[in-house]
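Heads up, the thing below is written out as structure tokens.
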């Protein structure tokens, strides 16, 4: 695979190209993010919690469901993030049994930095494309992401012990990702 040149790549099917694409995303997008995470002392779960919280506050249980991890794993990740000053954990005023988790300013800055690092790395993959091709790539990504949203919501429902339909927030238009993709 590593010895393929442009001509050899032209001969490959889309299925055969996927391993190359995965490696490129990993090398140029995620590798710099992992380096930054290591410097900050973050685990992958903690990184995902920070990214989830950029979309808004949620309960520890919701963190677990969103990230497909157990409640105890989500709680441990949140505990470490609280200890390191990246998130606040407060009692939910409408349900004192729940804890609401929000980003601190430091957590917001770190999550934003990690997202920017990934975007910057992946942006290099788009460099060979002209504006029309970039727009076509954007539209195709929206289409692929949109097609997977119901599946992701169903998986989250399974993780939370809910039915296999979209969550009420997704159906009602209060899911920010669904709203953003649907608006395009």
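The values are calculated or read from the model by the stated rules, or taken from the named source; none is laboratory data. Nothing here was measured: the structure is a model prediction, and the numbers come from that model. Neighbour counts run over all protein chains shown; Cβ positions are idealised from the backbone, glycine included.
With respect to the numbered conditions (1) outside any helix (DSSP H, G or I); (2) within 20 Å of residue 105 (Cα to Cα); (3) at pLDDT below 90, which one is the sole condition not fulfilled by residue 42?
Single failed check for residue 42: (3).
Every residue in the stretch 47-60 that is over 12 Å from the mean Cα position of the chain (by Cα) and free of Cβ contacts under 8 Å to residues at least 60 places away in the same chain, please.
Those that are over 12 Å from the mean Cα position of the chain (by Cα) and free of Cβ contacts under 8 Å to residues at least 60 places away in the same chain: 57, 58, 59, 60.
From the list 38, 18, which one is over 30 Å from residue 89 (Cα atoms), out of contact with any helix residue (DSSP H, G or I) (no Cβ under 9 Å at 6 or more places or on another chain) and without any contact (Cβ under 8 Å) to a residue 24 or more places away in the chain?
18
Residue 32: in contact (Cβ under 8 Å) with a residue 60 or more places away in the chain, in a helix (DSSP H, G or I) and out of contact with any strand residue (DSSP E or B) (no Cβ under 8 Å at 6 or more places or on another chain), yes or no?
yes
Kindly indicate the residue of the stretch 21-31 that is surrounded by 15 or more Cβ atoms within 10 Å (Cβ to Cβ) and under 16 Å from the mean Cα position of the chain (by Cα) and also nearest to residue 87 (Cα to Cα) among those meeting that condition.
If we take residues in the stretch 21-31 being surrounded by 15 or more Cβ atoms within 10 Å (Cβ to Cβ) and under 16 Å from the mean Cα position of the chain (by Cα), then 30 is nearest to residue 87 (Cα to Cα).
Do we find a residue being surrounded by 12 or more Cβ atoms within 10 Å (Cβ to Cβ), at pLDDT 95 or above and not in a helix (DSSP H, G or I) anywhere in the stretch 104-118?
Scanning the stretch 104-118, I find at least one residue that is surrounded by 12 or more Cβ atoms within 10 Å (Cβ to Cβ), at pLDDT 95 or above and not in a helix (DSSP H, G or I), so the answer is yes.
What residue, among those in the stretch 49-86 that are assigned to a loop (DSSP other than H, G, I, E, B) and buried (at least 17 other Cβ atoms within 10 Å of the Cβ), is modelled with the highest pLDDT?
Initial filter on the stretch 49-86 (assigned to a loop (DSSP other than H, G, I, E, B)): 54-57, 68-70, 84-86.
Subset that is buried (at least 17 other Cβ atoms within 10 Å of the Cβ): 69, 86.
Numbers: 69: 83, 86: 97.
Restricting to residues being assigned to a loop (DSSP other than H, G, I, E, B) and buried (at least 17 other Cβ atoms within 10 Å of the Cβ), the top hit is 86.
Testing residue 95 on (1) under 11 Å from residue 50 (Cα atoms); (2) modelled with pLDDT under 85, one condition comes back false. Which one is that?
Here residue 95 clears every test but (1).
(1) at pLDDT 90 or above; (2) in contact with a helix residue (DSSP H, G or I) (Cβ under 7 Å, 6 or more places away or on another chain): which one isn't true of residue 100, the others all being true?
Only one criterion is unmet by residue 100, namely (2).
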